[in-house]
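Step one of this worksheet: look at the structure below.
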Amino acid sequence: MSVFLWLAEIKRRVPMHSPRSFLSRVGPLSKPGLLPWCATKHPGWSKLFLGSACGGNFTNVITKKCQRGQKSQKKPSYLGPLDSSWQERLADVVTPLWRLSYEEQLKVKFEAQKKILQRLESYLQKLNGVNVTTSAPRVEGLSCLLHPIIPSPVINGYRNKSTFSVNRGPDGNPKTVGYYLGTWRDRSIVCVRSNHLKNIPEKHSQVAQYYEVFLRQSPLEPCLLFHEGGYWRELIVRTNSQGHTMAIITFHPQELKQEELGVQKEAIKKFFTTGPGAVCDLTSLYFQESTVTRCSHQQSPYQLLFGEPHLFEDLLGLKIRISPDAFFQINTAGAEVLYRTVGELSRVNSNTILLDICCGTGVIGLSLAQYASQILGIELVEQAVEDARWTAAFNGITNCEFHTGRAEKILPQLLKSKEDGQVIAVVNPARAGLHYQVVRAIRNCRAIHTLIFVSCKPHGEATRNIIELCCPPDLAKKLLGEPFVLRKAVPVDLFPHTPHCELVLLFTR
């Protein structure tokens, strides 16, 4: 059946409704000064460190470096003559290093991480002369040991999760699926198809292409801005190493009744099972009704329209379960390298309690469980904790506990009973960093002698955490424990063609 005939029946039965307005939420950490220690931070801290560590906007700096040699480089053959300008502009934003060889990319990233560490060390050493690093001779301008950057095993198409937006394309069609160019402030947003980006797998691009086909035949308009109405929103595609594919469609219900919502769910289901989208061979399709920018499973449940409820991944000898809402490193092969690095640095043994903070699906702790006395994991997303518990049970791991909730609330109580133990903590926070109460709990727990800090943005909010962990004791901030000392840094590249990489930091005290 053709796309046009297939959706003709749907179109006849769907009534249109007037949109209702909606004010999107603003995250609590978007306002400066909300963290208690913001008012007492050292004068000029942000100007001294954040402003100078990266010399301004790091992405722009890298892009300019790449563009210097642009004239001598041939355009990739897959860029068409009509839309190559849009595609190249998008590639420069999403993957600024795409014109460089991978070897050159690694050099750029290593130098960036070295500069960040130099600025960090310099600042810490100014805090009343605190001993922040080892007494080893300085190498690469650093007192801590900086390991050479570890490359990603996979360079192209490595993402196992992609989020595609819906908005006006270069031709003005509001039902275009891709990535954004421009800014909302300048009202210059253009949605450009992303099938040419080097970090996106072909399967993800295929699902996005067919979602666009569906949208352009649907009688309902997309939701571009909440206050302007519309229904169809973003698409998330997740895949595993076996090629299984999960798609998640986000939909603004506006004032549709449940019966009318059912018509839309049935339409998208038929499209991807018996309609043109069946060529995508989805393993599962989820539908989420959402009236906010980001919506968790607890706020609005993911509705399984067909297929398997989970993806499964083989990692470090474990079978891992992944729910639609769970965090999992977006580069699976790179994640194995990252987690092995964490394990080697941690040196867990049979007397060790491993504390895995912001544990996601629990892979770090689970992969080290056979060497440790006990694994304690903390994660905000309930689905991820359920995945971690399932993975532990399926793999016969019995010395793990996983706790759901905010780390700042769970951790202090959890550590009270561990004061006399031998605790190694691993933290892998989101870009917003750790809550100050988590930093305080780690700092004040005498049993924690080793800390592994994993950050994909060490020059951002995570820097505040590191300063709090390493600064002299501070009664005003209730940082009473001995400061940590930065011993070793290992950059691990999980994001080829972008300026980002994971930085694994080893602290001891």
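The values are calculated or read from the model by the stated rules, or taken from the named source; none is laboratory data. Keep in mind it's a predicted model, so treat the numbers as computed, not measured. Cβ coordinates were reconstructed from backbone atoms using ideal geometry, including for glycine residues, and neighbour counts include every protein chain displayed. Heavy atoms of the whole protein, side chains included, go into the accessibility calculation; ligands, DNA and RNA do not. Shrake-Rupley method; radii C 1.70, N 1.55, O 1.52, S 1.80 Å.
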Inset, instruction - Out of the residues in the stretch 318-360 that are among the small types (Gly, Ala, Ser) and assigned to a loop (DSSP other than H, G, I, E, B), state the one that is farthest from ILE424 (Cα to Cα). - result: SER323
Inset, instruction - Mind telling me which of the residues GLY178, GLY172, GLY262 ends up being under 20 Å from SER84 (Cα atoms), in the same structural domain as PHE306 (by the TED database), of a type outside the set (A, V, I, L, M, F, W, C) and outside any loop (DSSP other than H, G, I, E, B)? - result: GLY178
Legend entry - Number of positions in the stretch 158-189 that are open to solvent by 20 Å² or more (accessible area, probe 1.4 Å), modelled with pLDDT of 95 or more and small (Gly, Ala, Ser): 1
Legend entry - Filtered residue count, the stretch 411-449, keeping only those that are open to solvent by 10 Å² or more (accessible area, probe 1.4 Å), touching a residue at least 60 places away in the same chain (Cβ under 8 Å) and either closer than 18 Å to LEU506 by Cα or not in a helix (DSSP H, G or I) (or both): 9
Legend entry - Identity of the residue in the stretch 374-406, modelled with pLDDT of 95 or more and hydroxyl-bearing (Ser, Thr, Tyr), that ends up surrounded by the most Cβ atoms within 10 Å (Cβ to Cβ): THR391
Legend entry - Failed condition for ILE364, given (1) assigned to a loop (DSSP other than H, G, I, E, B); (2) touching a Phe, Trp or Tyr at 6+ places or on another chain (Cβ under 7 Å): (1)
Legend entry - Of the criteria (1) under 19 Å from LEU120 (Cα atoms); (2) outside any helix (DSSP H, G or I); (3) not acidic (Asp, Glu), which one THR498 fails: (1)
Inset, instruction - Report whether or not HIS204 is within 23 Å of the chain's Cα centre (by Cα) and outside any strand (DSSP E or B). - result: yes
Inset, instruction - State the number of residues belonging to the stretch 238-296 that are among the β-branched types (Val, Ile, Thr) and either open to solvent by less than 10 Å² (accessible area, probe 1.4 Å) or within 17 Å of PRO219 (Cα to Cα) (or both). - result: 6
Inset, instruction - Return the only residue of LEU220, LEU224, LEU285, LEU235 being outside the structural domain of LEU368 (by the TED database), over 20 Å from THR361 (Cα atoms), touching a Phe, Trp or Tyr at 6+ places or on another chain (Cβ under 6 Å) and part of a loop (DSSP other than H, G, I, E, B). - result: LEU220
Legend entry - Residue satisfying all of: in the stretch 357-404; over 17 Å from the mean Cα position of the chain (by Cα) and among the hydroxyl-bearing types (Ser, Thr, Tyr); farthest from GLU313 (Cα to Cα) among these: SER373
Legend entry - Filtered residues of the stretch 297-317 (kept if open to solvent by 20 Å² or more (accessible area, probe 1.4 Å), assigned to a loop (DSSP other than H, G, I, E, B) and not charged (D, E, K, R)): HIS297, GLN298, GLN299, PRO301, TYR302, PRO309, HIS310, LEU316, GLY317
